[in-house]
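Student: Have a look at this one before I ask anything.
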Amino acid sequence: MLRQLPNCLTVLRLILAFVFPLAPEHYRLIIVLIALATEYLDGALCRWFNWGSPLGALLDPIADKCFVLVVAMVMFVETEIAWWQFMLFGAREIAVFCGASLIAWEKNWRAFFNVVPRVLGKAATVFQFLVFLCFVGLESIPQWLLILAILFSVLSAIDYTYLFFKNNFYRAMKDQPNRS
């Protein structure tokens, strides 16, 4: 039962993504803090206790992308952020979504498990959550922080795109050499 705790935390973050736009403003900080905690704890529990699973490896990035994109959309609607800033802020999510869609289209399911978290992706997540915390907690986003979040998101998108093409994740496994 405890082995499923990381997956439960991931599902909770996915639920929070859909609850966030509907939640009263005074609950948003709590939602972001819980999402941040689940973002950390699901991965930490998998590493500490070897509780990783194929389902978790698939659901975790989906929950991450959904939460970031939903909160970013609400932030875009409710602040003075320009559309191009919104697109750059979500560049990593867009790049990963496009790559994952192509992998799914090619039915290259093994490739999902070959993509590992990257340092730039982790840094982008940290800055995105700092922006979210300022948005919901302070009701203002420092320009320097938004710029850093955008910078790391774009760099991470470039990094994941490079990884995607370097490893030929867009090709079906039958076209790749046997890795066993």
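Student: In whole angstrom, note down how far apart the Cα centers of segment 129-160 and segment 78-94 are.
Tutor: 9
Student: Could I ask something else about it? Restricting to Cα atoms and excluding each atom paired with itself, what does the Kirkwood estimate give for segment 20-117 in Å?
Tutor: Values: mean 1/r = 0.0657 Å⁻¹.
Roughly 15.2 Å, rounded to one decimal.
Student: Would you compute, from DSSP H runs of 4+ residues alone, the mean residue ellipticity of the chain at 222 nm, taking -39500 (n - 2.57) per run and dividing by the full residue count, rounded to the nearest 500?
Tutor: On the way: 8 runs with 132 residues, N = 180.
So the helix-based figure for the chain works out to -24500 deg cm²/dmol.
Student: Helix 25-49 versus the longest principal axis of the chain: what is the Cα-based angle in degrees, 0 to 90, to the nearest 10?
Tutor: The helix 25-49 is inclined about 30 degrees to the chain.
Student: Then there is this: With angles folded into 0 to 90 degrees, how steeply does helix 119-133 sit against the dominant principal axis of the chain? Use alpha carbons for both and round to 10.
Tutor: For 119-133 against the chain, the angle is about 20 degrees.
Student: Can you give the extra length, in nm with one decimal, that the chain gains between Lys166 and Phe18 once fully stretched, where that is 0.36 nm per residue apart less the Cα-Cα distance?
Tutor: Computed gain between Lys166 and Phe18 is 49.9 nm.
Student: Another question, if that's okay. Report, in degrees rounded to the nearest 10, the 0 to 90 angle that the Cα long axis of helix 54-78 makes with the longest principal axis of the chain.
Tutor: That helix lies at roughly 30 degrees to the long axis.
Student: Using +1 on the beta carbon of Lys and Arg, -1 on that of Asp and Glu, and nothing else charged, what's the dipole of segment 2-175 about the Cα centre, debye to 20?
Tutor: Roughly 720 debye, rounded to the nearest 20.
Student: Related question: Residue farthest toward the positive end of the dipole of segment 1-90, with Cβ of Lys/Arg at +1 and Asp/Glu at -1: which of Gly52, Tyr27, Trp83?
Tutor: Projecting each Cα onto the dipole axis, the largest value belongs to Gly52.
Bear in mind these aren't lab numbers, they're just calculated from the coordinates by the rules spelled out. What you see is a predicted model, and the numbers here were worked out from it, not measured in a lab. Glycine also receives a Cβ, built like all others from the backbone with ideal geometry; neighbour counts cover every protein chain displayed.
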